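Q: Here you go, one structure.
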Amino acid sequence: MLSLLVRSDVRVVIIQGIGGSGKTWAAKAAYRVARTSNLFDEYIWVSLSINCSVRKCLNKIAASLSCKIRDNLSVERTRTFIKECLTPRKFLLVFDNAYFTEESILEYLGVPDPEQQRLGSKIIMTTRTGRAVSTISPNIVITPEPLTYEESYDLLREKIGKDISFAHDLISYFYGIPLNIIILAGAVCDAPTEESFSELVASAHAALETQTSIFSTLQCMVKFGYHQLPSDNVRQCLLYCLIFPDDQGISVKELIWYWIMDGLLQEAIGFDEANHIGKEILDVLIKHGMVYLDGNDHVHMHDVIRETVSRIGKDMGYKEQHYSCNPIIKLEHFLNHSNIVSLMDTEMECLRGSPRYLSTTSLLLRGNYLLRTISEEFFSQMTGTLEILDMSFTRLEVLPPSISYLIRLRMLLLIGCDRLEEIRHIAPLARLEVLDASGCRSLKSVESGSFDHMVFLKVLDLSATSITFLTSIPVSMELRHINLQGCPFLGSEPPYGVSKGGAVRKLNLGIIEDLAAWMGMLWLPCGLNFHLSDKFGMKVSLDANRDSSAYVYASDAYFFNCLEKDSPLWYNCLQRFQIVISPSMDNETMDTNDQVNSIVQNSYFRTEHFTHSIDPMRMRYLEINGTVGVPSDLDGILYHAEMILLKRLAMTTQFSDLNIRSMQAVRELWVENCDHLESLLSADEVKALSMVGNLHNLWISNMEKLSSFCKVVEEVTSFSCLKHLLFDSCPNLLYLFPLALRLPNLETLHIRFCDVLERVFDSSVLGEDALPRLQLLQLWELPELTSVCGGVLPSLKNLKVRGCSKLQKIPVGVNENSPFVTTTGEQLWWDSLQWDDETIKRWLLFRNWGPLLPHLATEG
């Protein structure tokens, strides 16, 4: 298949074979390679089925084209549109699972013949029937070869995930059909013991040994796999997929909603838990080979599996009812005989009258692309049991007034109704739990008062619409998910009423200019993720972290203009937070909790290097990354942040105002990779920092041009609370502390990889005055260092020196009343030290760097 993509003599390829032999898999592989390699100008994938009409195929092609088709075109106009769009372009068109019987099918569909077009276009068709081959003139027909015994065994082992051995030879019964092997792997992969695994293999063998044909073996394996699903509940969820058309994928999100609303997930305590259980069930079905993922958000059921289990599903009411002749007569028949009525993707244009029904709980009119009108009284006799109504992807312009009679309705789906301009008549639907009108591009408003009595509403999705405001929402409702993303005309105000409810766990808002709405969102609980950027708008979702931290990602500081230091949000939603402000933030990569946690772990303190670092997951953390200086709009955040990281700030030679005065709660401050800084702090900033009573840890690293810690300090100034200080990789740092600076409570000082540093303090500054409580001093790779300070360090317990060949004296002064000082260094350096009092060496415990001390050689 891959080689045929580039062969100029092959324009039309047909893959013909039995179901489950890998036809679609091969076509998808070729399609992906073609797109990745950019071999064509236009790519069209059309999923078909035995029930898919040629008219529907025509519309599918038109909908897939990059040239946008106008609405209301006749068949002839649609055919002409397709031909005009494709004739000048090199295209790849795939008809998957085709059942064509019409002669000259390409001409009817308006598709140019690649042989006549001569641009290198290609058509690939997969089919199970020989009749479809005769409707098109292929250059080559491929029949999938069955897998060999060895290939079958390798596939089975790959799907199970381990080496296997059988007491019975099952593989010989599979005829080399991949689907057989995939289903068997799914059935036995979760066997808890070797004994249960052997029992399953024996059961499969007993079922297979009576089969005499490929197709009967396929059906046998499907039934076997179906009955090996872990519970009746999972089997029912699979059968529910039968109500959807067989020629298109099923939305994962909406499928789980259907399961919830139809009572298939009753063991769940609440909506969020039910949604989680639904995802787990879907994972089980995928693992067992009963459905497969189509992209990230849709699933498909293989047509062989559908055909086999449909006989079971039909008896339980799970089936798609096919449209024919008078839709009202047909509909009334179904309404009186089925709990679930599925009339999706038909060609009906209107629904009139007022049909009665006795037991229907679900009415699915989804995908009726020609349906423009439903009579005003249509739902007036459906007040009894209808709970699910899906009118998505229709051309309705208004909702019929009789929809207000559906007082038991729990889910209303209007997704992709492009012509719907207003949602009205839904106020009486007090039991509604899900309302999704996403993608209704013409939708401008929801009737005022619509939500006043919907105290059970949990999901409201109005994304990608043209609404300009959202009507009031009652405080008492259980609303969990709100999606207003992609609503260009919607203001930045939060939904009224929701601001006091406190139940929301996921909120997507559109593009906003600032967060003036912060003050209106006092309802937000702890443990949320915020994504704020000009490109993607605002998204808020519940994070799975157990410490209830709020994660906020913003592309610019102006989002926080209105988040004042006395905002009540600091005492509810932002009790703990991780705020990252970065212009280069990529919102698309921040959608999972794993990614959030990874960012936190990678951006924060490497505690193996700085053992006194505070755990960022348990505090209020602020990171400013890649901005021009420290933005002036952050007083509120700076006032509350306990850990602050300033990284890759674009600055001049002087450090702009760090706004130290606002850092009233900071306990740990990091400054990294600010390459243009020559001096870290001005004299005023030193004074401000000295008055920050909570700052315990300060880390300065990778500062290419930094030449001094701070400017001249004329008066004696103390950083009284600072306990741990580190300087790392500052290659132009000449001297560290000015004469008048004091660090009375500093316990650890690390200085590493500062190539030109000559002194820590001037020799005239006594260690007893400047560093009276210093216990650990680490000096690494400081080739020009000659002095630490004058006097001695009275509290020093641990001195670590490496690569400081010019340091001839160390500030230690010990006696029989003082503790031992452990000194770790190179033997050559130790032997060359100069001593004012040689007796001091008795009280020093020297350890040489080397292989005998691997834990010491790597610590720090």
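The values are calculated or read from the model by the stated rules, or taken from the named source; none is laboratory data. From a predicted model like this one, the values you see are computed outputs, not experimental measurements. Cβ coordinates were reconstructed from backbone atoms using ideal geometry, including for glycine residues, and neighbour counts include every protein chain displayed. Protein only, heavy atoms only, side chains kept; ligands, DNA and RNA dropped before computing areas. Shrake-Rupley method; radii C 1.70, N 1.55, O 1.52, S 1.80 Å.
Q: Please work out if Asp163 is open to solvent by 50 Å² or more (accessible area, probe 1.4 Å), assigned to a loop (DSSP other than H, G, I, E, B) and acidic (Asp, Glu).
A: When the stated conditions are applied, Asp163 passes them.
Q: Here's another thing I want to ask about it. Report the residue count in segment 829-848 for those that are open to solvent by less than 20 Å² (accessible area, probe 1.4 Å) and either assigned to a helix (DSSP H, G or I) or among the small types (Gly, Ala, Ser) (or both).
A: Adding up the residues that qualify gives 1.
Q: Follow-up. Limited to segment 340-376, what total is found for residues that are surrounded by fewer than 20 Cβ atoms within 10 Å (Cβ to Cβ) and polar (S, T, N, Q)?
A: 4
Q: Among the residues of segment 125-134, is there at least one that is farther than 30 Å from Ala206 by Cα, modelled with pLDDT of 90 or more and either surrounded by fewer than 21 Cβ atoms within 10 Å (Cβ to Cβ) or in contact with a Leu (Cβ under 6 Å, 6 or more places away or on another chain) (or both)?
A: No; the residues of segment 125-134 include none that is farther than 30 Å from Ala206 by Cα, modelled with pLDDT of 90 or more and either surrounded by fewer than 21 Cβ atoms within 10 Å (Cβ to Cβ) or in contact with a Leu (Cβ under 6 Å, 6 or more places away or on another chain) (or both).
Q: May I ask you to list the residues in segment 135-146 that are part of a loop (DSSP other than H, G, I, E, B) and open to solvent by less than 50 Å² (accessible area, probe 1.4 Å)?
A: Scanning segment 135-146 gives Ile136, Pro138, Pro144.
Q: Could you please let me know if Ala207 is on the phi < 0 side of the Ramachandran plot, at pLDDT below 90, assigned to a helix (DSSP H, G or I) and crowded, with 19+ Cβ neighbours inside 10 Å?
A: In short, no.
Q: Give, as residue ranges, the helices (runs of 4 or more DSSP H) completely inside segment 216-287 that count at least 1 residues that are under 19 Å from Arg480 (Cβ atoms) and at pLDDT 90 or above.
A: Fully inside segment 216-287 and qualifying: 252-261, 271-287.
Q: Let me ask something additional. Can you find, within segment 314-325, the residue that is modelled with the lowest pLDDT among those that are surrounded by 14 or more Cβ atoms within 10 Å (Cβ to Cβ) and out of contact with any Phe, Trp or Tyr (no Cβ under 8 Å at 6 or more places or on another chain)?
A: Tyr323
Q: What residue, among those in segment 665-687 that are more than 17 Å from Asn702 (Cβ to Cβ) and at pLDDT below 80, is surrounded by the fewest Cβ atoms within 10 Å (Cβ to Cβ)?
A: Asp684
Q: Right, another one. Just to be sure I understand, how many residues within segment 148-157 are open to solvent by less than 50 Å² (accessible area, probe 1.4 Å) and in a loop (DSSP other than H, G, I, E, B)?
A: Going through segment 148-157 one residue at a time, the tally reaches 0.
Q: Ok, one more. If you scan segment 80-124, which residues turn out to be assigned to a helix (DSSP H, G or I), in contact with a strand residue (DSSP E or B) (Cβ under 9 Å, 6 or more places away or on another chain) and open to solvent by 60 Å² or more (accessible area, probe 1.4 Å)?
A: Scanning segment 80-124 gives a single hit, Glu115.
Q: When Gly449 is evaluated against the numbered criteria (1) in contact with a strand residue (DSSP E or B) (Cβ under 8 Å, 6 or more places away or on another chain); (2) farther than 17 Å from Cys487 by Cβ, which criterion, by number, is the only one it fails?
A: Of everything listed in (1) in contact with a strand residue (DSSP E or B) (Cβ under 8 Å, 6 or more places away or on another chain); (2) farther than 17 Å from Cys487 by Cβ, Gly449 misses just condition (1).
Q: Can you name every residue in segment 174-194 that is open to solvent by 20 Å² or more (accessible area, probe 1.4 Å), modelled with pLDDT of 85 or more and either touching an Asp or Glu at 6+ places or on another chain (Cβ under 9 Å) or part of a helix (DSSP H, G or I) (or both)?
A: Pro178, Ile182
Q: Can you list the strands (runs of 3 or more DSSP E) found entirely within segment 724-828 that contain at least 2 residues being closer than 16 Å to Ser708 by Cα?
A: Hits in segment 724-828: 724-728, 748-752.
Q: Something else about it: Could you go through segment 66-75 and let me know if any residue there is hydrophobic (A, V, I, L, M, F, W, C), touching a strand residue (DSSP E or B) at 6+ places or on another chain (Cβ under 6 Å) and not in a helix (DSSP H, G or I).
A: no
Q: Still on this model: Looking only at segment 400-437, how many residues end up being within 34 Å of the chain's Cα centre (by Cα) and open to solvent by less than 30 Å² (accessible area, probe 1.4 Å)?
A: Adding up the residues that qualify gives 18.
Q: Checking Glu307 against (1) open to solvent by less than 30 Å² (accessible area, probe 1.4 Å); (2) in a helix (DSSP H, G or I); (3) in contact with a Gly (Cβ under 9 Å, 6 or more places away or on another chain), which test does it fail?
A: Here Glu307 meets the rest and fails (1).
Q: If you don't mind, there's one more thing I want to ask. Any idea which of Ser8, Ser21 is assigned to a loop (DSSP other than H, G, I, E, B) and modelled with pLDDT of 90 or more?
A: Step by step, each of Ser8, Ser21 is checked, and only Ser21 is assigned to a loop (DSSP other than H, G, I, E, B) and modelled with pLDDT of 90 or more.
Q: Answer yes or no as to whether Arg32 is closer than 25 Å to Leu155 by Cα and either in a strand (DSSP E or B) or free of Cβ contacts under 8 Å to residues at least 24 places away in the same chain (or both).
A: Yes: the conditions hold for Arg32.
Q: Arg118 is checked against (1) touching a residue at least 24 places away in the same chain (Cβ under 8 Å); (2) of a type in the set (Lys, Arg); (3) within 27 Å of Ser3 (Cα to Cα) and fails just one. What number does that condition carry?
A: (1)
Q: Taking the condition of being crowded, with 20+ Cβ neighbours inside 10 Å and over 16 Å from Leu389 (Cβ atoms), how many residues in segment 440-459 meet it?
A: 4
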